[in-house]
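Everything below concerns the one structure shown next.
The values are calculated or read from the model by the stated rules, or taken from the named source; none is laboratory data. Quick caveat: nothing in here was measured; it's all calculated off a predicted structure. Heads up, the Cβs are rebuilt from the backbone with ideal geometry, glycines too, and the neighbour counts pull from every protein chain shown.
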Amino acid sequence: MNKTNPRKRPAPPSQQPPTKQALAPEDEFVDEDVFLEETLISEDEESAILRDMEQRQALAARLSKWTRPRLSQDYTSQSCSILFQQLEIDYVIGESHKELLPNSSGPAAIIRIFGVSKEGHSVCCKVHGFEPYFYISCPPGMGPDDISHFHQTLEARMREANRNSNVGRFVRRVEMVQRRSIMYYQQIKSHPFLKIVVALPTMVASCRGILDRGIQLDGLGMKSFMTYESNVLFALRFMIDCSIVGGNWIEIPAGKYKKATKSLSYCQLEFDCLYSDLISHAPEGEYSKMAPFRILSFDIECAGRKGHFPEPTQDPVIQIANLVTLQGEDQPLIRNVMTLNTCSPIVGVDVMSFDKEEEVLLAWRDFIREVDPDIIIGYNICKFDLPYLIERAAALKIAEFPILGRIRNSRVRVKDTTFSSRQYGTRESKEISIEGRVQFDLFQVMQRDYKLSSYSLNSVSAHFLSEQKEDVHHSIISDLQNGNAETRRRLAVYCLKDAYLPQRLLDKLMFVYNYVEMARVTGVPISFLLSRGQSIKVLSQLLRKAKQKNLVIPNAKQAGSEQGTFEGATVLEARAGFYEKPIATLDFASLYPSIMMAYNLCYCTLVTPENARNLNIPPESVYKTPSGETFVKSNLQKGILPEILEELLAARKRAKADLKEAKDPLVKAVLDGRQLALKISANSVYGFTGATIGQLPCLEISSSVTSYGRQMIEHTKKLVEDKFTTTNGYEHNAEVIYGDTDSVMVQFGVSAVEEAMNLGREAAEYISGTFIKPIKLEFEKIYYPYLLISKKRYAGLFWTKPDTFDKMDTKGIETVRRDNCLLVKNLVTDCLHKILIDRDVPGAVQYVKNAISDLLMNRMDLSLLVITKGLTKTGDDYEVKTAHVELAERMRKRDAATAPNVGDRVPYVIIKAAKGAKAYEKSEDPIYVLENNIPIDPQYYLENQISKPILRIFEPILKNASKELLHGSHTRSISISTPSNSGIMKFAKKQFTCIGCKALLSNGDRTLCSHCKGREAELYCKTVAQVSDLEILFGRLWTQCQECQGSLHQDVLCTSRDCPIFYRRKKAQKDMAEARVQLDRWNF
Amino acid sequence: MERVQSSYESQDEPFEIGKEMYRGQQYSQIYYARLRLMRTLLYSLVSQWKPNSPVCTVLGLEEGKECVVVGTLFKNMKLKPCILDEYSKERSVVPLVKPHNFVDDDDYLVLEDESGRVKLGGNIIVPSVYVTGIVVAIHGKETGAGDFLVQEVLEAGLPPQIEFPIKSREDRYVLLVSGLSIGSSKSNPLQFQLLVDHITGHLGDEKEQSIASQIVHVVIAGNSVEIPRGLLNGQNLASKDLSKMAEPVKELDILLNQIAAGLPLDIMPGPCDPANFSLPQQALHRCLFPGSSVYNTFRSCTNPHCFELDGIRFLGTSGQNVDDLDKYSEAKDKLDFMERTLRWRHLAPTAPNTLGCYPYTDRDPFFIQNCPHVYFVGNQEKYDTRVIKGSEGQSVRLICVPKFSENGVAVMLNLRDLECHTLSFGTQFSP
């Protein structure tokens, strides 16, 4: 995270030399001090803005109707306490408050809490007096004198490192405290530690660096220190110490706060207070509600040049659509759109048109300031919309534009960030911080929380809202903009829809509730949930718990690879086959958390081999894990992780019980979000201990967990197969056919679902009894019938009650993989449906044969054959040539305007090419294929797409599946279309052939040869039937597109390649025209 | 005995596609043409209906201002089948049995013109009665929520009618029949032969023959044959199968041959006939009827079909328009649907939305310019008839022509007074 601010700043009163970090891993936490005065613009500029505002009086009047509710008398007279839900916490460096802290001076960190009161007032609470600190272990024999000496030495070293800083004192205090490290079981309850309090948050890191490298101490020589809790972000430190969790309610009693003399923010309530006067309410009862925060959803449109993706340096922003919703209401409060140039009115929408782009941008800024949203949402706003607006304003030299935050006259800060994670790869982007407002980019959320084949807004809304959205290609946008007020209105409607859909997604998927609850459960600010990884959530909980227990957490960055990897979860070997008897599934309920609780696995219960020898712990007080580690039992030391897990699971139980009772849908939403957050949090604790580049990896714990897991699965298998036997009086011998990480599949041999359920329950209860609490085996469901293909791949009907099945359940089967064409997905789903639900294996076989025949006969709908891949970099950057990259290059040569750009997904089909052509040369744009009748390569689809998934399904069922399905007589006839643009066709002479027998026609005959004349009735029937089928299709497809675009009187413009009917619609149009021509030949 | 003669004039021209081609045009144009036609009409009525209300477009609406807007209705239906469902993730869960009617309590109407859309509110306008594609004038005002609160609805009403010709004394009949479904398992070849024999006067005593001689015209309103569609799944057919497919057509030709030899005959295509699917369906090709088509009394017509017989105007369809209304709206009987189409002045408002239709660019052939005297719809469940009257003295005979193959009923319409009765040909005695 390099500190590069593109904007000019006054010479900063520099802190320490910025530590350059080339590639920050996902979970590197670094505080960054922001000096208040730096971000503010100068007085001259401010007056320029004010002048400017006056000129736009008319606009201001228009915007003012959307301001927040007025403050009541109680607030203005400061006679009541202020209670608000906080959403964002950050800090700035400013002069310490003279009234509240009469004894300090100089720069200090001021915590800012932004939030909303229950009446809907915006709040900015500035908290003073909280100081950054960390711990080191106190070297033995250090007395009070030594401490003051140590303090001086450290201060001197700090001054050396930060030479041009104007801070009076770097190390404020060094105190001796009694603490204990969280690592390893220790019999002594506490040791002396030194708490080092520094002046500014960034100094924690620089001080840590000095201590890591070692300092010269009198009498002790050169000594380096292990630091504790020195990697905790300042805002998080504050929250932990004040028991504040993300998104909770905070109260400041009357008289304890001071209204700011000169308000620095745009918030209605702005005041200063001491950190010790804050009252933090736990999110229970009344305080679990949500304040009516304002959520702004917006979208911008830019007019790109032909052949280029819009660039902020050149292409104007032409429209900005906004939608503001109050949390908890279904209907938006405000709907408006700002357009460049005139735009016809839109019902229910406030259309604001401007002549100059500058005015559009400034109007939007004024709108943000007036509406004062707490949360800003949108689709890909963090990567596109927001950076674009800011860079565009910079290109237009509108210096006063980027004042979008809540701090008066403070510009937004733009940082280049590199986010790299094992999951997502490395991404470069711009991080834009808008002070006091939470950014919630639905695009990021979708990528994080869901596995989808495409993340375009169109396909995401099709998936979750079952609503197709029309997609206007960016090359058309400029045409619409350059048209008239009507075409711009068209664009505005489209733009509004793009602003509306993120809000719908937010509502539908309950993101506000789920994320606020996640913040409350894990205790981190809401903004961390999206911008940071998993581990900070666990770390936050660990730190809170450790603080209660007087434990401190070392800042131990281990090089993970040293410890090597450990054996992962195991699965019992799958006995592949098609089971037509009920299969009972026994599941361990939250297996890993239960293991950690049952065996008291924790950092503080781990006994090192060395300690095991020295400490002389009785063997009955320890657990020896199957992986060979030793942990003490809870009578000696209760583990912190088990305690956290117990609380999480107990809280989840409570939330679920409350959920059952709850009536109010809003309360329900909160509770459901909470129980989900609790579940996710409980499951992520295990991962935290195993993350080798994480905050506090401890492979002893994670490998013990998995080894116990393996042992339990084996144990269960053994017990089931030993107990449920004919010798023990059961009807059949039970058989474990498969076992996964936390479940075991048993075939009891009975053929009735209900009987299997009873046996399943009996087995679960019996086996649970043999485990240490709270490990519990539960009977959950029956699979019947069950198609087990291999490990992690299976399908079956899912029964939880004896009379009817709930659904069809599949795992690891090609129904969702993104790099398959739709044909594979449909084929697999339909086959499974036929096999499992209809119990019609021959039908399924026939179905596959028909599909293969259709494919070979060129009758397949092209959209089913489209394969889509994301274009992440340009062709030169790829080392190996791949189909989609090559195609993108080729398309660029054909027409740069519509060619896919980096970041787009490239759809393609595989076409027949010359013998020996490389696979990557055979890709082609589906539209191009349609327009030019290019033959697809059915063999490719047969061999590379269909064959594997289909054989996987059929092999357990059918003998000779491959021969039967892929090489039968249905594969004999093949039809290939003749390309209309290939070289040879240019020289071919078109001559009519007989519709009946394809013989060449002569002597003026146009339809049939003399031989076929007698059959004209039947041949006509055939031709007309084809026309009729196409007409049906044509009508259905085109009216559907009218429906999507929401207008009957306007032409369909949509070019969404994600839409399943896009290619079909195009093809129907073309086929229709051809079929009509064919039919017209009969009119002799 | 000599057959009575009548003068006949075909008015099918608007329904003939001729040289129109698919050139990438979309359906927006037909809606636009419809709106333009209907708006001119409705504006002329609005001046009497609401002389004091301003007329504006959807865009021109202002909150609280009462006004009249003319626009196309769009009905949002949650049960409406959607081609995208074929692609939805849980394909297999979709029930295979589709409901007969897609009306739901949650349906709502939207009014649209070129300028925009507005949701209609209030309980004056009942969504279950209306369908997408009708053009109406609405009096109301915009509410704060952006809805348009409907206070009154104006439909175009029955179109003007040409005068009914002076009544003659003699009875002359037109015979209407539909749904012969030759080739289907339900059709009984004997039944239709009986009908043919009756028409041609080969049956019954002299009295019956004299009635038969008064039949001046026969109209076959669609679904004359049933071609096994299963054979046509795009597969390459063996020539044996192909000839099997044309078998029913040949049989039909033989029967029609007998009628056409005696009196004029109009045959309209229906959804099951070897014709195109979209409305207007084009005339069945003459090559299908090598026998009958040599007679000049044999006329292959379009569907919808419009003609004048002795100055009496007929308009009819093979049933698709009413069947589609029945799926997407509700009425107490089929005649109600027929009446509505006349009052809306549109033969097939659901085309193109749910009813296939050719994408016209400059006109809307389904707009009913002149009120017919007789309006018939083929292929209905049962025979039904009624006369409706218009505000300007128009009088229209509505007829539901039943499926002949199912109940052996044909309809006789007397041109003298437009009274109807049925002819029933049962080949089985009911117990």
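Structure data summary
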{"item": "Positions within region A:1044-1070 being within 9 Å of chain B (Cβ to nearest Cβ) and not in a loop (DSSP other than H, G, I, E, B), in sequence order", "result": "A:Cys1044, A:Arg1064, A:Gln1069, A:Lys1070"}
{"item": "Condition broken by A:Pro332, with the remaining ones in (1) within 25 Å of A:Pro402 (Cα to Cα); (2) at pLDDT below 90 satisfied", "result": "(1)"}
{"item": "Test set (1) more than 24 Å from A:Gln1040 (Cβ to Cβ); (2) without any contact (Cβ under 8 Å) to a residue 12 or more places away in the chain - A:Ser466 fails condition number", "result": "(1)"}
{"item": "Residue list for region B:168-181, restricted to those being crowded, with 18+ Cβ neighbours inside 10 Å and either modelled with pLDDT under 85 or outside any strand (DSSP E or B) (or both)", "result": "B:Arg172, B:Gly179, B:Leu180, B:Ser181"}
{"item": "Region A:88-104, residues that are in contact with a strand residue (DSSP E or B) (Cβ under 8 Å, 6 or more places away or on another chain) and surrounded by fewer than 13 Cβ atoms within 10 Å (Cβ to Cβ)", "result": "A:Glu99"}
{"item": "Checking B:Ser243 against (1) touching a Cys at 6+ places or on another chain (Cβ under 9 Å); (2) of a type in the set (Ser, Thr, Tyr); (3) at pLDDT below 85, the condition it does not meet", "result": "(1)"}
{"item": "Hey, A:Leu648 in contact with a helix residue (DSSP H, G or I) (Cβ under 8 Å, 6 or more places away or on another chain) and under 25 Å from A:Val521 (Cα atoms) or not", "result": "yes"}
{"item": "Test: residue in region A:631-641 that is at pLDDT 85 or above, surrounded by fewer than 16 Cβ atoms within 10 Å (Cβ to Cβ) and either touching a helix residue (DSSP H, G or I) at 6+ places or on another chain (Cβ under 6 Å) or within 25 Å of A:Lys549 (Cβ to Cβ) (or both)", "result": "yes"}
{"item": "The listed residue being within 13 Å of chain A (Cβ to nearest Cβ) and either out of contact with any strand residue (DSSP E or B) (no Cβ under 6 Å at 6 or more places or on another chain) or in contact (Cβ under 8 Å) with a residue 40 or more places away in the chain (or both), out of B:Gln26, B:Gln11, B:Gln5, B:Gln48", "result": "B:Gln26"}
{"item": "Some residue of region A:655-662 being crowded, with 20+ Cβ neighbours inside 10 Å, over 14 Å from A:Ser590 (Cα atoms) and touching a residue at least 40 places away in the same chain (Cβ under 8 Å)", "result": "no"}
{"item": "Matching entry among A:Asp809, A:Asp830 (being among the acidic types (Asp, Glu), outside any loop (DSSP other than H, G, I, E, B) and either in contact with a strand residue (DSSP E or B) (Cβ under 7 Å, 6 or more places away or on another chain) or on the phi > 0 side of the Ramachandran plot (or both))", "result": "A:Asp809"}
{"item": "Odd one out for B:Val249 among (1) touching a Ser or Thr at 6+ places or on another chain (Cβ under 6 Å); (2) at pLDDT 80 or above", "result": "(1)"}
{"item": "Subset of region B:361-384 that is surrounded by fewer than 20 Cβ atoms within 10 Å (Cβ to Cβ) and among the hydroxyl-bearing types (Ser, Thr, Tyr) - its residue that is farthest from the other protein chains (Cβ to nearest Cβ)", "result": "B:Tyr383"}
{"item": "Failed condition for A:Lys415, given (1) modelled with pLDDT of 85 or more; (2) surrounded by fewer than 21 Cβ atoms within 10 Å (Cβ to Cβ); (3) on the phi < 0 side of the Ramachandran plot", "result": "(1)"}
{"item": "Subset tally (residues that are touching a residue at least 40 places away in the same chain (Cβ under 8 Å) and more than 14 Å from chain B (Cβ to nearest Cβ)) for region A:339-358", "result": "6"}
{"item": "Only listed residue being modelled with pLDDT of 80 or more and out of contact with any Leu (no Cβ under 7 Å at 6 or more places or on another chain), chosen from A:Pro373, A:Pro402", "result": "A:Pro402"}
{"item": "Which listed residue is within 14 Å of chain B (Cβ to nearest Cβ) and in a loop (DSSP other than H, G, I, E, B), from A:Glu486, A:Glu470", "result": "A:Glu470"}
{"item": "Criterion (acidic (Asp, Glu), surrounded by fewer than 17 Cβ atoms within 10 Å (Cβ to Cβ) and free of Cβ contacts under 8 Å to residues at least 24 places away in the same chain) met by exactly one of A:Glu780, A:Glu762", "result": "A:Glu762"}
{"item": "All positions within region A:1016-1043 that are at the interface with another protein chain (Cβ under 7 Å from one of its Cβ atoms) and under 43 Å from the mean Cα position of the chain (by Cα)", "result": "A:Glu1031, A:Ile1032, A:Gly1035, A:Arg1036, A:Leu1037, A:Trp1038, A:Thr1039, A:Gln1040, A:Gln1042"}
{"item": "Only one of B:Leu335, B:Leu355, B:Leu342, B:Leu398 that is touching a strand residue (DSSP E or B) at 6+ places or on another chain (Cβ under 7 Å), closer than 15 Å to B:Val174 by Cα and either without any contact (Cβ under 8 Å) to a residue 60 or more places away in the chain or of a type outside the set (Lys, Arg) (or both)", "result": "B:Leu398"}
{"item": "Contacts under 6 angstrom Cβ, first residue in region B:54-66 being more than 10 Å from chain A (Cβ to nearest Cβ) and modelled with pLDDT of 80 or more, partner surrounded by 15 or more Cβ atoms within 10 Å (Cβ to Cβ) and part of a loop (DSSP other than H, G, I, E, B), 6 or more apart", "result": "B:Glu66/B:Ser53"}
{"item": "Yes/no for A:Leu719 being of a type outside the set (S, T, N, Q) and either farther than 28 Å from A:Arg652 by Cα or buried (at least 23 other Cβ atoms within 10 Å of the Cβ) (or both)", "result": "yes"}
{"item": "Filter result for the condition that a residue is touching a strand residue (DSSP E or B) at 6+ places or on another chain (Cβ under 7 Å) and closer than 25 Å to A:Ala485 by Cβ, over A:Pro292, A:Pro310", "result": "A:Pro310"}
{"item": "Subset of region A:317-371 (residues that are assigned to a strand (DSSP E or B), polar (S, T, N, Q) and closer than 23 Å to A:Leu396 by Cβ)", "result": "A:Gln319, A:Asn322, A:Asn336, A:Thr339, A:Ser353"}
{"item": "In region A:454-493, residue modelled with the lowest pLDDT [restricted to those that are closer than 19 Å to A:Leu505 by Cβ and polar (S, T, N, Q)]", "result": "A:Gln468"}
